[in-house]
Amino acid sequence: MQNIILLTGAGKGIGKAIALEFAARARSNPSFNPVLVLCSRTITDIENIANECEALGTKAVAIEADIANLDDIDRLVTNTLEKFGTVDCLINNAGVGRFKSFTELSEEDFDYTMSVNMKGTFFLTQKVFPVMESRRSGHIFFITSIAAETAFKSSSIYSMSKFGQKGLVEALRLYGRECNVKITNVMPGAVYTPMWGNAGEEFRNVMMMPEDIAGPVVNAYLQPPRTSVEEIVMRPVGGDINS
Ligand SMILES: NC(=O)c1ccc[n+]([C@@H]2O[C@H](COP(=O)([O-])OP(=O)(O)OC[C@H]3O[C@@H](n4cnc5c(N)ncnc54)[C@H](OP(=O)(O)O)[C@@H]3O)[C@@H](O)[C@H]2O)c1
C-alpha cells in the first residue's frame, strides 16, 4: 500500500534529509511504499531531491509552493489529492528565522516569519486535516524547535512563532485523538543547515546534522498504528549553543 507523504521545506536542510531518509528506508523495507510530495519555493531544489529519491526507488514529485500564500496552499493540496487521492502524512517542516537582537527586528522581519511559521503552517494543516479526519487515519508532524519552549535572546520573533506552533500542535492533538490522527511535535536544538547562513560554520562542531533528525522522524512514522510518538526532543550533546 502507498503512503502519500506531503513534506514542506523539502529542498534543503532537515526537510531534504527527511525525504532522503524515507527513500532509504523504503529501499531496505519492500513492504514500505512511500510516495513523496516535496514542496518548497525553489523548484530546482525539490526537483533535484525528487530525482535522488527516484534513483533510490521511491516515487517523488516536486510542487513549487510558498506556504505563506493561501492560493499556493490550495494548489499544493488540490494537486496532491488529484494525483494521489489522499494524504497519509503531512510534515510541516518549512520554516524561516530572522535572528537579531530584540530592538533591531523590523515589522518586515515579524511579518515574514509569522507568515511562514504561523500562518502557513496553520492553513496548510487546516487544509489537510479534514482529509485524515474523514478517513480516521493519518499522521501530522510539526518540526518546531527547542525554541518552542526555551527562549534565546537573538530569537524573539522566531521563538514567538515556534511557541505559537507548539500551541497549534497541542490544540490539534485534541482533535487528532478523536479521529485516530497522530500528531508529533519534533523539537530539535541546533542543526547544521542553510538556515544558519554563514553563522553556522563556526558552530558546526557543536551542532547536530540534518540526518540526525530525519531518522527519528521516520521511526516515529513507522510505529504500529496503536502507538503515537507525541514528542521528539533532540539537542546537541553539549546542550544549546546560544543564549
Ligand atoms: N536548523 C536548525 O538549527 C533548526 C533547529 C530547530 C528547528 N528547526 C526548524 O526546522 C525546520 C527546517 O529548518 P532548516 O534548518 O532545515 O531550514 P533551511 O535549511 O533554511 O531549509 C528550509 C526549507 O524550507 C523551505 N521554505 C522556507 N520558507 C518556505 C515557504 N514559505 N514555503 C515553502 N517552503 C519554504 C526552504 O526552501 P525555499 O527557501 O526555497 O522555499 C527550504 O527548503 C524549520 O521549521 C526550522 O525552524 C531548525
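For the range 195-208, check the following and say yes or no: at least one residue is within 15 Å of the chain's Cα centre (by Cα) and at pLDDT 95 or above. I'd like the intermediate steps shown before the answer.
We begin by selecting, within the range 195-208, every residue within 15 Å of the chain's Cα centre (by Cα); these are 195.
The next check asks that each one be at pLDDT 95 or above; those that pass are 195.
Within the range 195-208 (the criterion being within 15 Å of the chain's Cα centre (by Cα) and at pLDDT 95 or above), the answer is yes, since at least one residue qualifies.
Looking only at the range 1-43, which residues are surrounded by fewer than 23 Cβ atoms within 10 Å (Cβ to Cβ), touching a residue at least 24 places away in the same chain (Cβ under 8 Å), within 16 Å of the ligand (Cβ to nearest atom) and of a type in the set (Val, Ile, Thr)?
Listed by number, the list holds a single entry, Thr42.
Only one of these is without any contact (Cβ under 8 Å) to a residue 24 or more places away in the chain and in a helix (DSSP H, G or I): Arg226, Arg177. Name it. Explain how you work it out, then say what you get.
Working: Arg226 fails: in a helix (DSSP H, G or I).
Result: Arg177 is the single residue among Arg226, Arg177 that is without any contact (Cβ under 8 Å) to a residue 24 or more places away in the chain and in a helix (DSSP H, G or I).
What residue, among those in the range 139-160 that are near the ligand (Cβ under 8 Å from one of its atoms) and of a type outside the set (Val, Ile, Thr), is nearest to Asn92 (Cα to Cα)?
Within the range 139-160, the first condition is being near the ligand (Cβ under 8 Å from one of its atoms), and the residues that meet it are 143-147, 158.
Going one step further and asking which of them are of a type outside the set (Val, Ile, Thr), we end up with 145, 147, 158.
On the way: Ser145: 12, Ala147: 16, Tyr158: 16 Å.
For the range 139-160, the residue satisfying everything is Ser145.
For the range 186-197, which positions are in a loop (DSSP other than H, G, I, E, B) and among the hydrophobic types (A, V, I, L, M, F, W, C)? It would help to see each step written out before you state the result.
As a first pass, look at the range 186-197 and keep what is in a loop (DSSP other than H, G, I, E, B): 189-190, 192-193, 197.
Matches in the range 186-197: Ala190 only.
Hey, any hits in the range 10-33 for a residue that's modelled with pLDDT of 95 or more and more than 28 Å from Met208 (Cβ to Cβ)?
Yes, the conditions are met somewhere in the range 10-33.
Matching residues to (1) among the polar types (S, T, N, Q); (2) assigned to a helix (DSSP H, G or I):
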residue: Phe141; (1), (2): no, no
residue: Ser159; (1), (2): yes, yes
residue: Lys162; (1), (2): no, yes
residue: Val169; (1), (2): no, yes
residue: Thr184; (1), (2): yes, no
residue: Glu202; (1), (2): no, yes
residue: Asn205; (1), (2): yes, yes
residue: Gly215; (1), (2): no, yes
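Give the range 54-70 a look and list any residue that's assigned to a loop (DSSP other than H, G, I, E, B), within 16 Å of the ligand (Cβ to nearest atom) and of a type in the set (Val, Ile, Thr), or say none.
Across the range 54-70, the qualifying residue is only Ile67.
Out of Pro194, Pro188, Pro130, I need the residue that is within 11 Å of the ligand (Cβ to nearest atom) and surrounded by fewer than 19 Cβ atoms within 10 Å (Cβ to Cβ). Which one?
Pro194
Anything in the range 71-109 that is surrounded by 14 or more Cβ atoms within 10 Å (Cβ to Cβ), within 15 Å of the ligand (Cβ to nearest atom) and not in a loop (DSSP other than H, G, I, E, B)? List them, or say none.
Scanning the range 71-109 gives Asp72, Ile73, Asp74, Arg75, Leu76, Val77, Asn79, Thr80, Leu90, Ile91, Asn92, Asp109.
The values are calculated or read from the model by the stated rules, or taken from the named source; none is laboratory data. Keep in mind the model is a prediction, meaning the values are calculated, not measured. Glycine gets a Cβ as well: all are built from the backbone with ideal geometry, and neighbour counts include every protein chain shown.
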